[in-house]
Amino acid sequence: MSVKDKIDKLKIPQHVAIIMDGNGRWAKSHGKIRLSGHQEGAKSVKKALEVCGELGIKYLTVYAFSTENWNRPKTEISGLMNLLVSSIDKELDEINKLEIKIKIIGEIDKLPGNVRKKLQFAIEKTKNNSKLTFIVALSYSGRWDILNAVKKIAQKVKDNKMNVSDIDYNYFESQLATTGIPDPELLIRTSGEERISNFLLYQLAYAELFFTDVLWPDFSKEVFYQAIIDYQNRERRFGKTSEQITN
Ligand code: FPP
């Protein structure tokens, strides 16, 4: 029986989020520059998208560039930006064929003009696809997302467009970058680090966490299948007792 055959098709998560970590260490261990780790990592993104298509996962969010990543060497930042543009050029036809809709979350305004333009082009070209939504977090951090939502709401209250008593979870969530997207049920992080690192802080409240030592460029479909199986074996209680869930 293959790993994939062990997956319960009736318990597939709707939304999986991934912290793609370990590109630099992969490059170092292969005697290559950091950028080649990111290039190899882009191939793993493709594998992850294919698994989502195979299993019927509706949303995949990847952490491609954090707010903190702006502190990296300039050459690495520009290499990553160029990689985004070239990945879109190379893969957009295939993305459309697989009926994938692209969405970006993060401070898009901070990205270089050519990258913004290319991303907007890809968003426009894929906007009618509905099999899978691929959410790329770019210049994103969970704290930025929450702070941004708070500022938008505070402004509305200040302008007398709403009352403090109107602010409930639903409204707050509608002001986050992920508005309209269900919370991830599963977070995968590669490379052996076991942290959330300012990713979807609000949205991951009840996510199951799966950590693997595999470096992101070595990520395989089998690792993804194993994460799904692990997720399926967890008991998701949302604060209730085990008995309440079973009954
Ligand atoms: C973390 O590894 C990875 C990143 C900061 C970049 C991830 C980007 C890609 C995989 C590029 C392709 C993305 C798309 C959406 C096409 P690290 O550099 O922090 O690794 P290290 O911790 O080993 O140094």
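The values are calculated or read from the model by the stated rules, or taken from the named source; none is laboratory data. As the structure is a computational prediction, the values presented were derived from the model and not from experiment. Please note: Cβ atoms are built from the backbone with ideal geometry, for glycine as well, and neighbour counts cover all protein chains shown.
Kindly indicate which of GLU235, GLU193 is modelled with pLDDT of 95 or more and not hydrophobic (A, V, I, L, M, F, W, C). Show your work before the answer.
Values: GLU235 fails: modelled with pLDDT of 95 or more.
Of the residues listed, the single one that is modelled with pLDDT of 95 or more and not hydrophobic (A, V, I, L, M, F, W, C) is GLU193.
Is it fair to say GLU68 is within 10 Å of the ligand (Cβ to nearest atom) and crowded, with 17+ Cβ neighbours inside 10 Å? Criteria not met by GLU68.
A Cβ distance below 6 Å, combined with a sequence gap of six or more or placement on separate chains, defines the contacts here; from region 32-54, residues that are without any contact (Cβ under 8 Å) to a residue 12 or more places away in the chain and more than 16 Å from LYS101 (Cβ to Cβ) reach residues that are surrounded by 19 or more Cβ atoms within 10 Å (Cβ to Cβ) and among the hydrophobic types (A, V, I, L, M, F, W, C) in the pairs SER36/ALA27. Among the residues of region 173-232, those identified as closer than 18 Å to TRP144 by Cβ, β-branched (Val, Ile, Thr) and buried (at least 18 other Cβ atoms within 10 Å of the Cβ) are THR178, ILE181. Residue pairs whose Cβ atoms lie under 9 Å apart, sitting 6 or more positions apart in sequence or on different chains, and linking a residue in region 134-146 that is more than 17 Å from SER174 (Cα to Cα) and touching a residue at least 60 places away in the same chain (Cβ under 8 Å) to a partner that is among the basic types (Lys, Arg) and surrounded by fewer than 24 Cβ atoms within 10 Å (Cβ to Cβ), are PHE134/LYS101; PHE134/LYS103; VAL136/LYS103; LEU138/LYS110; SER139/LYS110. When SER2 is tested against the conditions (1) at pLDDT below 95; (2) within 16 Å of PRO217 (Cβ to Cβ), the lone failure is (2).
Against the conditions (1) touching a strand residue (DSSP E or B) at 6+ places or on another chain (Cβ under 9 Å); (2) within 19 Å of HIS15 (Cβ to Cβ); (3) β-branched (Val, Ile, Thr); (4) touching a residue at least 24 places away in the same chain (Cβ under 8 Å), VAL115 satisfies every one except (2).
Within region 1-53, being crowded, with 18+ Cβ neighbours inside 10 Å, part of a helix (DSSP H, G or I) and either more than 9 Å from the ligand (Cβ to nearest atom) or more than 21 Å from the chain's Cα centre (by Cα) (or both) holds for ALA27, ARG34, LEU35, ALA48, LEU49, VAL51, CYS52.
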